[in-house]
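Quick notes on the structure that follows.
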Amino acid sequence: MRDIDPQALMTTAEMAAADRATIESGAFSGITLMERAGSAVADAAMARFAAARVHVLCGPGNNGGDGYVAARILANRGVDVHLYALAPPKAGSDAALAADTWYGPISGFDAFAPDPNDLVIDAVFGAGFSGALPDPVQSALARAADRKCPVLAVDLPSGVNGDTGQGAHAIGCAATVTFYRRKPGHLVFPGRALCGETIVADIGVRATAPTATFENAPDLWRRALPRPCDDTHKYARGAVAVFSGPRHGTGASRLAAMAAQRAGAGAVTLLGHPDALDIQAAHVTAIMLSAWGTNPRAALAGLKGIGAVVLGPGFGDLPLARSLATSILDDRGLALVLDADGITAFADDPEPLFDAARARDKPALVLTPHAGEFARLFPDLAADVSLGKLAMARAAAARSGAILVFKGADTVIAAPGGAAVINANATPALATAGSGDVLAGAIAGLAAQGMPAFESACAAVWLHGEAGRAAGPVAIAEELVAALPEAFAALV
């Protein structure tokens with residue numbers, strides 16, 4: 001992964017370190033950075049809103065300091081500005097210096113009474129805030145929401161934690177101005193839904209250390225995408241095996257197999273009981289079928305050139321899934337995408353799976369849980385609501401030795417080494433039965449072609465989102481498969 005500016009995200013601790021490093025370098029003083037931040041807020045207010053009256057809600061910290069600067073600049077430009085302070089800034093702080101430049105009256109939050117056409121600038125609390133908002137702040141923000149005023153947030157809507165996206169009593173904003181880099185909270189729900197348009201302003205801060213958190217986008221993994229040569233053949237393009245479910249549970253595995261094909265795998269085989277394969281044969285043409293008889297592992301070993309396996313969608317037999325998963329990981333040439341029943345099979349005792357995954361030289365296991373499945377494998381992490389989705393995924397990846405694809409509208413992909421990517425292109429079209437099976441197959445299809453597991457997962461999640469966009473708002477899973485070529489075409 002490379003530190004590509006548009007996709008790079010910074011945790012609150014990383015952002016604070018970057019601020020300190022910038023100041024200590026002598027490039028800018030703290031108050032100069034605050035002046036530049038407040039100016040960016042004022043510019044956004046003028047460019048995006050036509051309100052004749054602006055209310056600025058200021059907290060006692062640096063976020064409030066940005067608000068004081070924005071209020072002064074807007075007033076100097078002829079805007080009717082009203083400023084409200086929750087509490088005075090700490091004496092001697094940069095925020096106090098900024099407050100000293102405000103020459104207008106300062107009211108308490110209880111005096112805040114906006115009209116519907118007024119703009120409200122929320123400069124109360126920034127990305128580092130956690131916990132419950134003080135009552136005066138809750139009341140003021142509720143008044144702004146009740147009167148349907150447009151709100152411009154500074155850094156993040158007050159109450160939204162920059163690392164987790166969590167935030168009780170935070171209100172939806174029309175736009176948010178943040179500085180240098182976005183935080184995870186701008187992309188993880190509910191924070192993402194509350195920010196509105198997010199504007200990233202370059203105020204002169206520069207990081208001294210690389211980040212390990214990114215928004216998912218092609219620039220992160222495009223170079224690792226498989227590029228078949230002109231003289232290639234189907235097995236050189238990668239082969240995938242998908243374990244089929246029982247006779248009346250074949251659909252999920254079929255979707256995964258079709259998606260593996262659409263992701264570019266040259267040969268895809270459905271493995272299953274003969275009575276299930278009879279059903280599969282009525283629905284597939286280019287996908288091969290192989291009965292496993294009494295020894296599914298031997299049947300898999302007998303297939304030519306397999307590079308990746310999908311196990312779990314509609315599989316049904318949990319004890320067999322446990323046995324298969326660990327034995328597949330013992331084969332150093334195979335990547336394993338474990339989904340659905342494959343995950344549930346390890347709910348009571350995941351350590352054998354994790355031991356097998358950690359024994360590989362490079363990550364070869366991809367786990368694709370939704371929230372319920374995540375809680376089955378990692379109950380302690382799921383119960384710790386203070387962690388947030390990003391931290392949960394990172395901790396789960398580190399513990400399991402797997403690439404963790406924590407699914408949802410804000411899917412997080414995390415690697416055991418700490419790298420993490422937050423996906424932001426999902427549409428409601430993906431909230432349909434079979435969508436996850438399509439994703440599992442696409443990951444395997446890319447991995448079978450030699451794409452590293454982390455990059456395969458990131459690429460497949462992004463392509464899955466684009467397929468949902470192309471398929472339309474009421475797409476079904478089969479249409480997601482059919483839309484994958486259009487998603488791939490956008491990468492050419």
Need one word for region 218-489: rounded, prolate or oblate. Basis is the Cα gyration tensor (sqrt eigenvalues a ≥ b ≥ c); a/c below 1.5 gives rounded, then a/b vs b/c decides.
rounded
Length-normalised contact order for the chain - Cα pairs under 8 Å, 6+ apart - percent
13
Taking a ≥ b ≥ c as the square roots of the Cα gyration tensor eigenvalues, with a/c under 1.5 meaning rounded and otherwise prolate when a/b beats b/c, else oblate, which class fits the chain?
prolate
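For the chain, what is the mean residue ellipticity at 222 nm derived from helices alone (per DSSP H run of n ≥ 4: -39500 (n - 2.57); sum divided by total residues; nearest 500 deg cm²/dmol)?
Values: 18 runs with 192 residues, N = 492.
It comes out at -11500 deg cm²/dmol, rounded to the nearest 500.
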Please list, in order along region 484-492, the HN-Hα scalar couplings obtained from phi with the Karplus expression 6.51 cos²θ - 1.76 cosθ + 1.60 (θ = phi - 60°), rounded to whole Hz, x for Gly and Pro.
4, x, 5, 5, 5, 4, 5, 8, 6
Hey, which aspartates and glutamates would be in cross-link range of K90, C-alpha to C-alpha under 13 Å, not counting anything within fewer than 8 residues on its own chain?
D100
Angle check, please: helix 453-471 long axis (alpha carbons) against the longest principal axis of the chain (alpha carbons), in degrees 0 to 90, nearest 10.
80
Mind checking the dipole of region 126-276: about its Cα centre, +1 per Lys or Arg Cβ, -1 per Asp or Glu Cβ, Debye to the nearest 20?
320
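Counting every Cα pair in region 369-492, what percent are over 25 Å apart?
On the way: 1712 of 7626 pairs.
Percent of Cα pairs beyond 25 Å in region 369-492: 22.
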So how much slack lies between H370 and D100, counting 0.36 nm per residue of separation and subtracting their Cα-Cα distance, in nm?
92.2 nm
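Provide the convex hull volume over Cα atoms per residue for region 1-84, in Å³.
Details: hull volume 10.1 nm³, N = 84.
Per residue, the Cα convex hull of region 1-84 comes to 121 Å³.
Only bridges with both residues in the chain count here: give the DSSP antiparallel percent, nearest 5. Provide the component values of the computation, followed by the final result.
Working: 8 of 58 bridges.
Antiparallel bridges: around 15 percent, rounded to the nearest 5.
Which loop trypsin sites (Lys or Arg not before Pro) in region 251-359, with loop taken from DSSP, have no more than 11 other Cβ atoms within 10 angstrom of their Cβ?
Details: sites: R254, R262, R297, K304, R322, R332, R358; in loops: K304, R332.
Hits after loop and neighbour filter: K304, R332.
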What full-extension length gain, to one decimal in nm, is calculated for N295 and D110 as 0.36 nm per residue of separation minus the Cα-Cα distance?
59.3 nm
Using the Karplus curve 6.51 cos²θ - 1.76 cosθ + 1.60 with θ = phi - 60°, work out ³J(HN,Hα) for each residue of region 192-206 in order, rounded to whole Hz, and write x for Gly and Pro.
4, 6, 9, 7, x, 5, 9, 9, 9, 9, 8, 9, x, 5, 9
Provide the per-residue ³J(HN,Hα) series for region 301-306, in order, calculated from phi with Karplus coefficients 6.51, -1.76, 1.60 and θ = phi - 60°, each as a whole number of Hz, with x at glycine and proline positions.
4, x, 7, 7, x, 5
Here the FRET efficiency for D202 versus A16, based on Cβ atoms and R0 = 22 Å and rounded to 0.05, is 0.80
Cut-off under 18 Å on the C-alpha distance; same-chain residues fewer than 8 positions from K407 excluded. Which lysines are left, in chain and number order?
K389
So which lysines can K304 reach, going by Cα to Cα under 27 Å and dropping same-chain residues fewer than 8 places off?
K234, K362
Please work out the C-alpha center-to-center distance from region 372-401 to region 235-311 and express it in whole Å.
31
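For region 8-211, just say rounded, prolate or oblate: build the C-alpha gyration tensor, square-root its eigenvalues into a ≥ b ≥ c, call rounded for a/c under 1.5, and beyond that prolate if a/b exceeds b/c, oblate if not.
Values: a/c = 1.57, a/b = 1.21, b/c = 1.30.
Oblate shape, in that a/c is at least 1.5 and b/c is the bigger or equal ratio.
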Ordering 396-402, 440-446, 43-49 by per-residue average of other C-beta atoms within 10 angstrom, highest first, gives 440-446, 396-402, 43-49
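With a cut-off of at most 12 other beta carbons within 10 Å, and DSSP calling the residue loop, which chymotrypsin sites (Phe, Trp or Tyr not before Pro) in region 53-161 qualify? Please list them.
On the way: sites: Y68, Y84, W102, Y103, F109, F112, F125, F129; in loops: W102, Y103, F112, F125, F129.
Filter output for region 53-161: Y103.
Each reported figure results from applying straightforward, stated rules to the coordinates on display, with no laboratory input. On a predicted model such as this, the values are computed, not experimentally measured, just so you know. Note: ideal-geometry Cβ built from the backbone for every residue, glycine included; neighbour counts use all protein chains shown.
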